[in-house]
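The structure appears right after this line, and notes come after that.
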Amino acid sequence: MSVRPIIGTAFACAFALAFAPRHALAQDARLYKRLDPQTAAAVAALVDSASTIGLPSEPLVQKALEGQSKGASGDAIVRAVRALIRDLSTARDALGNDVGVDALLLAAAALDAGATPTQLERLRPHRSRESFAGGLAGLVYLLSRGVPAEQSLDLIAAMLNARLSAAEFASLQRLVERDMMAGTPPAEAVAVRARALIRHNRSGGLGERVRP
Amino acid sequence: MSELDPRLEPWLATLRKEPSARPEARARLAAALREEDARAARRIPSPPAALAAAIAVVALTGAFWLAFERWNTPERAGAVVELASAQFVLHARDARSVSVVGDFNDWDPRATPLTRTGDGVWSAVVRLRPGTVRYAYLVDGTEWRADPHAVTSHEEFGRPTSIAYIVPPEGP
């Protein structure tokens, strides 16, 4: 038996290990530890293909782990990961290739909550703003409270245009929740509070930090 | 094969004749050749030894990268990640245990238990990276609940998932 193929194979494996994406290695370990081998392999293949088109892989791994934790079947997990790839891809097409992971995730959530890709595209000019993800979080909130998508987009675009901070977007949610508890309809509360925040910001006011 | 130079023909018989040498010199030459063969054999590992060496190379490379991955956190790599404190609170009067499960703990139900702080109030403070957080509460290890204070909640895998956005700390 010749030793040259053995040594050659070993160096090929070592080379592959050395230059393989380290995050992918770690993620695969989590998948194979928590999922059955068939589901883990299917999810890993989806994660790899998503990575090759530049989509973030961590949210996909987390989606699979969420499914496992919630007792979902392997098929359901693979379907959910595939659906998330589709939503992230649609969100990226709508907002541009240079948006961050948080913004992509929130945009995908906005699509899930009823916004259309065409509507999301209206926020594209604001994507370089520091508070862009905060604005998208505000959009998801408005949609989840039943505010019509067109009105939500108009308000969030106006707030981004007025350079509101992420903290101010968060305070919008808190203020609207308070108004709703007092009986104000969500759409009305949002309109009033958003205009007030924009006015306050133009007059030089600072946003406040809030926590979830 | 090329033809022999005609000028060498007179020397052909001499050239083909085995060189004469003393028996001691021949023995020394044979011993030297045997030693060289033995040295060459020692330099080439046996197949089991080569296999063991190959496995060791692959295992050491893999172990190195896994160790590096654990060691090389963004903070250590120089990225400034300012963590924010997030308080998770759930009112569950009759619960025996509550945990928060989400993206920040790989959806591990055992990773972040809440402690009972008052009259049916359970809470935990978690240091998180700013950004989007997806999570849910798990009551008594079986009942999934959305966070009533979250930005939004929806069903994932037939159970609730909440979304929160952790605001990045503002600069000085």
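Observations, loosely collected:
- Within segment B:103-137, the residues that satisfy the criterion of being in contact (Cβ under 8 Å) with a residue 40 or more places away in the chain, closer than 23 Å to residue A:68 by Cα and not aromatic (Phe, Trp, Tyr) are B:126, B:128, B:133.
- Members of segment A:101-144 that are at the interface with another protein chain (Cβ under 10 Å from one of its Cβ atoms), farther than 21 Å from residue A:187 by Cβ and among the polar types (S, T, N, Q): A:131
- Condition met for residue A:77 (in contact (Cβ under 8 Å) with a residue 40 or more places away in the chain and assigned to a helix (DSSP H, G or I)): yes
- Any hit, segment B:60-82, residues being modelled with pLDDT of 85 or more, facing chain A (nearest Cβ under 7 Å) and assigned to a helix (DSSP H, G or I): no
- Count of segment A:112-125 residues, restricted to those that are within 22 Å of residue A:54 (Cα to Cα), touching a helix residue (DSSP H, G or I) at 6+ places or on another chain (Cβ under 6 Å) and surrounded by fewer than 21 Cβ atoms within 10 Å (Cβ to Cβ), is 3.
- Index of the failed condition, residue B:96 passing every other in (1) more than 7 Å from chain A (Cβ to nearest Cβ); (2) touching a strand residue (DSSP E or B) at 6+ places or on another chain (Cβ under 8 Å): (2)
- Test: residue in segment B:111-123 that is modelled with pLDDT of 90 or more, within 28 Å of residue A:138 (Cα to Cα) and within 14 Å of chain A (Cβ to nearest Cβ): yes
- Condition met for residue A:128 (farther than 20 Å from residue A:60 by Cβ and crowded, with 17+ Cβ neighbours inside 10 Å): no
- Residue that is farthest from residue B:108 (Cα to Cα) [pool: residues in segment B:126-172 that are in a loop (DSSP other than H, G, I, E, B) and more than 9 Å from every other protein chain (Cβ to nearest Cβ)]: B:172
- Restricting segment A:134-182 to residues that are in a helix (DSSP H, G or I) and among the polar types (S, T, N, Q), the residue that is surrounded by the most Cβ atoms within 10 Å (Cβ to Cβ): A:152
- Condition met for residue A:98 (more than 12 Å from chain B (Cβ to nearest Cβ) and not in a helix (DSSP H, G or I)): yes
- Hey, residue A:147 over 17 Å from the mean Cα position of the chain (by Cα), of a type in the set (Val, Ile, Thr) and within 14 Å of chain B (Cβ to nearest Cβ) or not: yes
- Where residue A:70 falls short, out of the listed (1) touching a Ser or Thr at 6+ places or on another chain (Cβ under 7 Å); (2) within 10 Å of chain B (Cβ to nearest Cβ): (1)
The values are calculated or read from the model by the stated rules, or taken from the named source; none is laboratory data. Predicted, not measured: the structure shown is a model, and the values here were computed from it. Positions of Cβ are backbone-derived with ideal geometry, glycine not excepted, and every protein chain shown enters the neighbour counts.
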